[in-house]
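Colleague: Quick one: the structure is below, and I'll ask about it shortly.
The values are calculated or read from the model by the stated rules, or taken from the named source; none is laboratory data. Note that the coordinates shown come from a computational prediction; the quantities given were computed from them, not determined experimentally. As a convention, Cβ positions derive from the backbone with ideal geometry for all residues, glycine included, and neighbour counts pool all protein chains shown.
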Amino acid sequence: MRKRILRAFLTAAVAATLIAAPKAPKQLSIVNTSLQQYEDGPRMPSDESYAAGDLAFFSLEIAGYRKSDKDHIHLDWDWKCLDPAGIPLVQPAKGAVDTDVSPEDKDWLPRIRQNFEIPSYAPSGTYHLLVTVHDTLSGGDASADIPFRIRGHRVTPGDTLTVSNFHFYRAEDDPRPLEVAAYRPGENVWARFDISGFRLGPENSFDVEYGLTVIRPDGKPGFSQPEAATLKDKSFYPQRFTPAALSLSLPADVARGEHTIVLTVRDKIGNQTAESQQKFSVE
């Protein structure tokens with residue numbers, strides 16, 4: 001009888017302990033991460049990518065946060081975006097969710113919405129959006145790594161000043177280059193190209209200038225403009241190339257035949273010079 005009573009007492013004690021045991025606290029977590037092409041738009045499919053120069057939007061929700069006795073929450077968050085080489089793409093940002101949550105909103109999840117402009121010169125590749133959240137009430141931390149792709153302008157990287165992607169066009173804004181660079185007297189010659197391999201100075205600054213000389217079909221110099229344009233800027237994200245353009249107005253009496261543009265590019269910070277020769281014909 002005494003054993004039976006003792007056993008019943010122990011069983012009741014264990015049951016009481018189990019009933020009284022507090023629930024394990026929820027773990028802080030980042031959920032429902034989403035990249036969009038416009039604010040609050042649909043989730044961007046994983047096989048799609050942003051183009052360099054696009055405005056990127058993202059959102060996420062925070063679960064497992066702790067409330068104070070007065071139903072208050074305080075969550076600190078920050079995010080940064082890294083390129084394929086681990087270099088920050090844009091200025092990092094941070095903020096906080098500091099608000100009251102009523103008992104009726106027990107299933108409510110704080111949402112963070114942010115956007116950033118992708119630099120037009122960002123290279124192609126897989127980028128990473130890194131987000132961290134800290135719950136000041138519980139001391140918990142959570143993080144997320146959100147990968148995404150960018151389609152950038154194709155320029156071969158290098159450490160030597162280089163002119164690449166030189167193409168002639170019929171008009172200034174033509175999207176497609178000419179298959180045959182041929183013009184008529186009196187027309188305008190349009191060309192676009194990229195300059196890369198220049199050195200960067202303080203605050204990712206660069207200073208590049210270029211000039212040109214046109215060699216006539218008889219081999220003699222014609223039009224010349226030693227300082228046609230200067231390109232200089234600075235940016236948060238290092239700019240590894242800069243687009244450039246030139247135009248020529250052909251006189252009505254221009255010589256027919258093959259002309260050569262001798263393009264000379266100078267890197268003022270890196271003290272480099274590069275030359276590129278491009279041919280077009282007048283028919």
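Colleague: I need the full set of residues from region 232-244 which are touching a Ser or Thr at 6+ places or on another chain (Cβ under 7 Å), in a loop (DSSP other than H, G, I, E, B) and buried (at least 16 other Cβ atoms within 10 Å of the Cβ), in order please.
Modeller: Across region 232-244, the qualifying residue is only Arg240.
Colleague: So is Asp174 of a type in the set (Asp, Glu), surrounded by 12 or more Cβ atoms within 10 Å (Cβ to Cβ) and assigned by TED's automatic domain parsing to the domain that holds Ala244 or not?
Modeller: Yes; evaluated as a whole, the condition is true for this residue.
Colleague: Of all the residues that make up region 215-260, how many are within 23 Å of Glu172 (Cβ to Cβ) and of a type in the set (Phe, Trp, Tyr)?
Modeller: Residues that pass the stated criteria total 2.
Colleague: So, one more: So which residues in region 180-204 are small (Gly, Ala, Ser), part of a loop (DSSP other than H, G, I, E, B) and either surrounded by fewer than 15 Cβ atoms within 10 Å (Cβ to Cβ) or not assigned by TED's automatic domain parsing to the domain that holds His259 (or both)?
Modeller: If the condition is that a residue be small (Gly, Ala, Ser), part of a loop (DSSP other than H, G, I, E, B) and either surrounded by fewer than 15 Cβ atoms within 10 Å (Cβ to Cβ) or not assigned by TED's automatic domain parsing to the domain that holds His259 (or both), then Gly186, Gly201 are the ones that fit.
Colleague: Tell me, which strands (runs of 3 or more DSSP E) lie completely within region 47-117 with 2 or more residues that are more than 30 Å from Gln239 (Cβ to Cβ)?
Modeller: 55-63, 72-82, 93-100
Rundown of residues vs (1) assigned by TED's automatic domain parsing to the domain that holds Arg170; (2) in contact with a Ser or Thr (Cβ under 8 Å, 6 or more places away or on another chain); (3) surrounded by 14 or more Cβ atoms within 10 Å (Cβ to Cβ), yes/no style:
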position: Glu209; (1), (2), (3): yes, yes, yes
position: Ile215; (1), (2), (3): yes, yes, yes
position: Thr230; (1), (2), (3): yes, no, no
position: Leu246; (1), (2), (3): yes, no, yes
position: Leu250; (1), (2), (3): yes, no, yes
position: Ala255; (1), (2), (3): yes, no, yes
position: Glu258; (1), (2), (3): yes, yes, yes
position: Gly270; (1), (2), (3): yes, no, yes
position: Ala274; (1), (2), (3): yes, yes, yes
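Colleague: What is the one condition in (1) buried (at least 16 other Cβ atoms within 10 Å of the Cβ); (2) at pLDDT 95 or above; (3) farther than 21 Å from Arg43 by Cβ that Val155 does not satisfy?
Modeller: Val155 satisfies every listed condition except (2).
Colleague: I've got another one for you. Output the residue which, of all residues in region 98-141 that are of a type in the set (Phe, Trp, Tyr) and touching a residue at least 60 places away in the same chain (Cβ under 8 Å), is nearest to Leu75 (Cα to Cα).
Modeller: Phe116
Colleague: Say we look at region 113-137 and pick out the residues that are surrounded by fewer than 19 Cβ atoms within 10 Å (Cβ to Cβ) and within 23 Å of Arg66 (Cα to Cα); which of these is nearest to the chain's Cα centre (by Cα)?
Modeller: Leu130
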